[in-house]
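The values are calculated or read from the model by the stated rules, or taken from the named source; none is laboratory data. Treat the numbers as computed from the prediction; the structure is a model and nothing was measured. FYI the Cβ positions are ideal-geometry reconstructions off the backbone, even for glycines, and counts take in every protein chain you see.
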Ligand SMILES: [Zn+2]
């Protein structure tokens, strides 16, 4: 895993301690001098190795980065003991930073508040990961969304209408123009900003049955080598259900493979991750999101699961199931902090991630926490509430 946490100092401290110990052994040879012995040097302080918890990823997701007050947010998060921000910088229909050449920018450019904010975060010890919402056209300007619907580039349901959520459409994953659009956005972001990582979110089909656009039909038929007469019934309930879902997974798998490679090429040593649904089987079947395969093949360095439940036992059960699906060191647990009324509930879930050996946790979301003044104080060695 690459740079999960923000404090890789543990190994250095251990190495320093070894050097000190080894050095103290080398002065024990007998000497035969007559001059008065020198007073012994004062003992060097022996650093106490901190627990490996120092590498824990303690993160928050920021949904609407256009409304983020970077100064107060980074100060609050530093004070509370967090070390990572996953900031949404682009969606399938909008750039949340100025002067994009890939997507319509919905914020002004002078000064560039994102650049300033990332600099502030770094100076306060916080890693910043750019989040790319891949398919969902969150905050897309209406004219841009209309243009893409008119040119048949959005996901369509079985009735042929665009799939919509909260007024926003979704990019169809099988279309080369859409894949090129997001590739361009990802490359632009990671080249322009000194981010520590890139995270892909909404890299999947919609949970509503999708996509049945003309391109998906054509590509699916080309893959299986035959014309599907009863479309879309044959892929919804008929003879081609399994093949259609395998094809959908292939579309998403090849997309994230490509995006990840481009991001790593544009900024070497970047941490690459994905926000994913907790239940692997449902993620595969309903959204074509095979995050185990992405980990197995190294397309992503780790995943952040959306393990959103207010019930502690249910949370424990879900995390344990995630950890049977993939190496636990690669499964950072996303916590639905917006579902809690009391900080003690959040404390219990953070403690649970530690008991279960998770490499870290991410709260969804900072937007919600800031509006409710609902942020735990993690302290230096563990949560304190
Ligand atoms: Zn389609």
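Limited to region 161-171, what total is found for residues that are assigned to a loop (DSSP other than H, G, I, E, B) and out of contact with any strand residue (DSSP E or B) (no Cβ under 6 Å at 6 or more places or on another chain)?
Within region 161-171, the first condition is being assigned to a loop (DSSP other than H, G, I, E, B), and the residues that meet it are 161, 163-164, 166-167, 169.
Among the residues that remain, those that are also out of contact with any strand residue (DSSP E or B) (no Cβ under 6 Å at 6 or more places or on another chain) are: 161, 164, 166-167.
So the answer is 4.
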Q: Scan region 193-214 for residues that are in contact with a helix residue (DSSP H, G or I) (Cβ under 9 Å, 6 or more places away or on another chain) and surrounded by fewer than 18 Cβ atoms within 10 Å (Cβ to Cβ) and report the count.
A: 3
(Q) Based on this model, can you work out whether residue 272 counts as within 17 Å of the chain's Cα centre (by Cα), more than 16 Å from the ligand (Cβ to nearest atom) and not in a helix (DSSP H, G or I)? (A) yes
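Output yes when any residue across region 167-174 is more than 12 Å from the ligand (Cβ to nearest atom) and touching a helix residue (DSSP H, G or I) at 6+ places or on another chain (Cβ under 8 Å), and no when none is. Give the steps one after another, and end with the answer.
To start, the set of residues in region 167-174 that are more than 12 Å from the ligand (Cβ to nearest atom) comprises 167-168.
Those left that are additionally touching a helix residue (DSSP H, G or I) at 6+ places or on another chain (Cβ under 8 Å): 168.
Yes: one or more hits.
Which of the residues belonging to region 309-334 are without any contact (Cβ under 8 Å) to a residue 60 or more places away in the chain and in contact with a helix residue (DSSP H, G or I) (Cβ under 6 Å, 6 or more places away or on another chain)? Spell out the reasoning first.
So in region 309-334, the residues without any contact (Cβ under 8 Å) to a residue 60 or more places away in the chain come out as 309-328, 331, 333.
309, 310, 312, 315, 316, 325, 326, 331, 333, listed by residue number.
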Q.
Looking at the structure I just gave you, is residue 288 buried (at least 17 other Cβ atoms within 10 Å of the Cβ), on the phi > 0 side of the Ramachandran plot and modelled with pLDDT of 95 or more?
A. yes
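Given the criteria within 16 Å of the ligand (Cβ to nearest atom), part of a loop (DSSP other than H, G, I, E, B) and surrounded by fewer than 19 Cβ atoms within 10 Å (Cβ to Cβ), does residue 158 qualify? Step through it out loud before you land on a result.
Values: within 16 Å of the ligand (Cβ to nearest atom): yes; part of a loop (DSSP other than H, G, I, E, B): yes; surrounded by fewer than 19 Cβ atoms within 10 Å (Cβ to Cβ): yes.
In short, yes.
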Q. Is there any pair linking a residue in region 270-295 that is within 13 Å of residue 332 (Cβ to Cβ) to one that is at pLDDT below 95, with Cβ under 7 Å and at least six apart or on different chains, and which?
A. 271/2; 271/3
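Per-residue answers, yes or no, for (1) touching a helix residue (DSSP H, G or I) at 6+ places or on another chain (Cβ under 7 Å); (2) farther than 15 Å from residue 201 by Cβ:
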| residue | (1), (2) |
| --- | --- |
| 255 | yes, no |
| 258 | yes, yes |
| 262 | yes, yes |
| 268 | no, yes |
| 272 | yes, no |
| 275 | no, no |
| 287 | no, no |
Q) Within the group 129, 101, 122, which residue is part of a helix (DSSP H, G or I), over 25 Å from residue 217 (Cβ atoms) and away from the ligand (no atom under 16 Å from the Cβ)? A) 122
Q.
I need the helices (runs of 4 or more DSSP H) fully contained in region 175-252, keeping only those with at least 3 residues that are more than 30 Å from residue 121 (Cα to Cα) and within 15 Å of the ligand (Cβ to nearest atom).
A. 176-192, 214-224
Q: Return the pairs, sorted by first residue and then second, in which the second residue is surrounded by fewer than 24 Cβ atoms within 10 Å (Cβ to Cβ) and outside any loop (DSSP other than H, G, I, E, B), the first residue lies in region 193-209 and is without any contact (Cβ under 8 Å) to a residue 60 or more places away in the chain, the beta carbons are less than 8 Å apart, and the residues are 6+ apart or on different chains.
A: 209/236
Q: Return only the number of the condition from (1) surrounded by 19 or more Cβ atoms within 10 Å (Cβ to Cβ); (2) within 20 Å of residue 158 (Cα to Cα); (3) in contact with a helix residue (DSSP H, G or I) (Cβ under 9 Å, 6 or more places away or on another chain) that residue 234 does not satisfy.
A: (1)
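Take the residues in region 141-152 that are touching a residue at least 40 places away in the same chain (Cβ under 8 Å) and either within 15 Å of the ligand (Cβ to nearest atom) or in a loop (DSSP other than H, G, I, E, B) (or both); name whichever of them is farthest from residue 180 (Cα to Cα).
First, the residues of region 141-152 that are touching a residue at least 40 places away in the same chain (Cβ under 8 Å): 141, 144-145, 148, 152.
Then drop every residue that is not either within 15 Å of the ligand (Cβ to nearest atom) or in a loop (DSSP other than H, G, I, E, B) (or both), which leaves 141, 148, 152.
Numbers: 141: 19, 148: 14, 152: 16 Å.
Ranking the candidates gives 141 first.
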Q.
Being in contact with a strand residue (DSSP E or B) (Cβ under 9 Å, 6 or more places away or on another chain) and buried (at least 17 other Cβ atoms within 10 Å of the Cβ) is the requirement here; does residue 217 meet it?
A. no
Q: Test residue 260 against the stated conditions and say whether it is crowded, with 17+ Cβ neighbours inside 10 Å, away from the ligand (no atom under 15 Å from the Cβ), closer than 22 Å to residue 331 by Cα and within 18 Å of the chain's Cα centre (by Cα).
A: yes
Q: Could you tell me whether residue 263 is part of a helix (DSSP H, G or I) and in contact with a strand residue (DSSP E or B) (Cβ under 6 Å, 6 or more places away or on another chain)?
A: yes
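Condition (residue is within 16 Å of the chain's Cα centre (by Cα) and surrounded by fewer than 19 Cβ atoms within 10 Å (Cβ to Cβ)) applied to region 347-361: is it met by at least one residue?
So the first thing to find is which residues in region 347-361 are within 16 Å of the chain's Cα centre (by Cα), and the list is 358-361.
With the extra rule that they be surrounded by fewer than 19 Cβ atoms within 10 Å (Cβ to Cβ), the set shrinks to none.
So far as region 347-361 goes, no, none of its residues is within 16 Å of the chain's Cα centre (by Cα) and surrounded by fewer than 19 Cβ atoms within 10 Å (Cβ to Cβ).
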